[in-house]
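Colleague: Handing you a structure now.
The values are calculated or read from the model by the stated rules, or taken from the named source; none is laboratory data. What you see is a predicted model, and the numbers here were worked out from it, not measured in a lab. Because the Cβ atoms are built from the backbone with ideal geometry, glycine has one as well, and the counts that use them run over all protein chains shown. Side chains are part of the model used for accessible areas, which takes the heavy atoms of the whole protein and leaves out ligands, DNA and RNA. Shrake-Rupley method; radii C 1.70, N 1.55, O 1.52, S 1.80 Å.
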Amino acid sequence: IMSERKVLNKFFPHDFDPLKLPKMKLEKDRQYVIRIMAPFNMRCNNCGEYIHKGKKFNSRKETVQGETYLGLYKFRFYIRCPTCVSELTFKTDPENTDYEMEKGGTRCFQAHKLAMQEEKRLEKEAEEEEANNPMKALEKRTQESKAEMDVLDALEDIKDQNARSAQVDMAALLEKYKRMEEEEARIQVQNDEDEVARIFSGTRGIKRLDEDDDDDENQTKEIDQSLTNRQPPKKISRMQGLVKRKM
């Protein structure tokens, strides 16, 4: 019996007419139990419990009666605080593509939303001031025209720069670079040859010794050798000297 609900095809009798099925009458403000995640950070007003964004709840969902935006319905959600079980309510805000806290809690960390609201308020005030003050509107149009002229000038500069870049011949640049490399190599080889020639030409200025200088050098060597071969004088002891005196 339980496996019957899993089949792909079910039997319908030949005299089945779906128009004869009774229609269910549902209330407009009927509530549905759904699983939902907290769309923003909030704080319970009863116990002060902090509920972070993304926390899951079993909530009740209903359609807000009498509130629409451009034909879009608004929906209200009921959740309970996980600490004190008090009821918190929030609803959708299709105008700002956001959610709006209704009761039971306080929304936290909505600095971005407040900044957007302040920006919209300033824009609205500026539009009203321009509508009431023609000089202010004229000043704004003058500033916009000046900014547009600056943008056009910058665009013209970019176009001129691109045109100059497009006129560059890459083949000529490569040829010029190749010639520069060959010239540098030729200069380096010439410098090396000049250095070698300068080194070898310096050996020709070495002074040569004459034959007379060789004879003098030979005589000096012979004198030094005779002095080294000469035996030192013998030492005579004191007793030998006394014996020779007595004799």
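Colleague: Please calculate the 1.4 Å probe accessible area of Ile187, with all protein chains present, and give it to the nearest 10 Å².
Modeller: 80 Å²
Colleague: Here's another thing I want to ask about it. With equal scatterers on the alpha carbons only and no solvent term, can you work out the Debye log10 of I(q)/I(0) for region 122-170 at 0.20, 0.22, 0.29 1/Å?
Modeller: -0.73, -0.79, -0.97
Colleague: Got a number for carbon plus sulfur as a percent of region 40-131's accessible area, 1.4 Å probe?
Modeller: Roughly 48 percent of what the probe reaches on region 40-131 is carbon or sulfur.
Colleague: How many Å² of accessible area per residue for region 26-178, probe 1.4 Å?
Modeller: On a per-residue basis, 76 Å².
Colleague: Less than 12 Å Cβ to Cβ from Ala137, Lys/Arg counted +1 and Asp/Glu -1: what total charge do the surrounding residues give?
Modeller: Residues near Ala137 contribute -3 overall.
Colleague: Sequence-distant or interchain residues sharing an amide H contact under 5 Å with Phe40, placed H: which?
Modeller: Answer set, sorted by chain and number: Gly54.
Colleague: Sticking with this one: Among Lys91/Lys113; Lys28/Lys91; Lys28/Lys61; Lys74/Lys124, which pairs are too far apart, with a Cα-Cα distance over 19 Å?
Modeller: Listed pairs above 19 Å: Lys74/Lys124.
Colleague: Which three semi-axes in whole Å describe the equivalent ellipsoid of region 70-182, each the square root of 5 times a Cα gyration tensor eigenvalue, listed largest first?
Modeller: Equivalent-ellipsoid dimensions as semi-axes: 58, 29, 12 Å.
Colleague: Once phi is turned into ³J(HN,Hα) by the Karplus curve 6.51 cos²θ - 1.76 cosθ + 1.60 with θ = phi - 60°, what whole-Hz value does each residue of region 7-18 show in order, with x for glycine and proline?
Modeller: So the J values, rounded to whole Hz, are 6, 7, 10, 10, 7, 10, x, 5, 9, 6, 10, x.
Colleague: Pull out a ≥ b ≥ c, the square roots of the eigenvalues of the alpha-carbon gyration tensor of region 51-125, then state rounded if a/c is under 1.5, prolate if not and a/b is larger than b/c, and oblate in the remaining case.
Modeller: Oblate, since a/c reaches 1.5 and b/c is not below a/b.
Colleague: Just to confirm a number: summing +1 for Lys and Arg and -1 for Asp and Glu over residues other than Met101 whose beta-carbon lies under 9 angstrom from that of Met101, what do you get?
Modeller: +1
Colleague: Once the dipole of region 49-192 is set up with Lys and Arg at +1 and Asp and Glu at -1 on Cβ about the Cα centre, which of Tyr69, Ile51, Ala147 lies farthest towards its positive end?
Modeller: Towards the positive end, the residue furthest out is Ile51.
Colleague: D for region 1-159, whole µm²/s, Stokes-Einstein with Kirkwood Rh over alpha-carbon pairs at 37 °C and 0.692 mPa s: what number?
Modeller: Estimated diffusion coefficient is 151 µm²/s.
Colleague: Can I ask one more? Cα gyration tensor of region 5-79, axes a ≥ b ≥ c as square roots of the eigenvalues: rounded (a/c below 1.5), prolate (a/b > b/c) or oblate?
Modeller: prolate
Colleague: How high is the FRET efficiency from Glu129 to Val151, r the C-beta distance, R0 30 Å, rounded to 0.05?
Modeller: Given R0 = 30 Å and the Cβ-Cβ separation, E is 0.70.
Colleague: Determine the sum of side-chain charges near Tyr32: Lys and Arg each +1, Asp and Glu each -1, restricted to other residues whose C-beta is under 14 angstrom from that of Tyr32.
Modeller: +3
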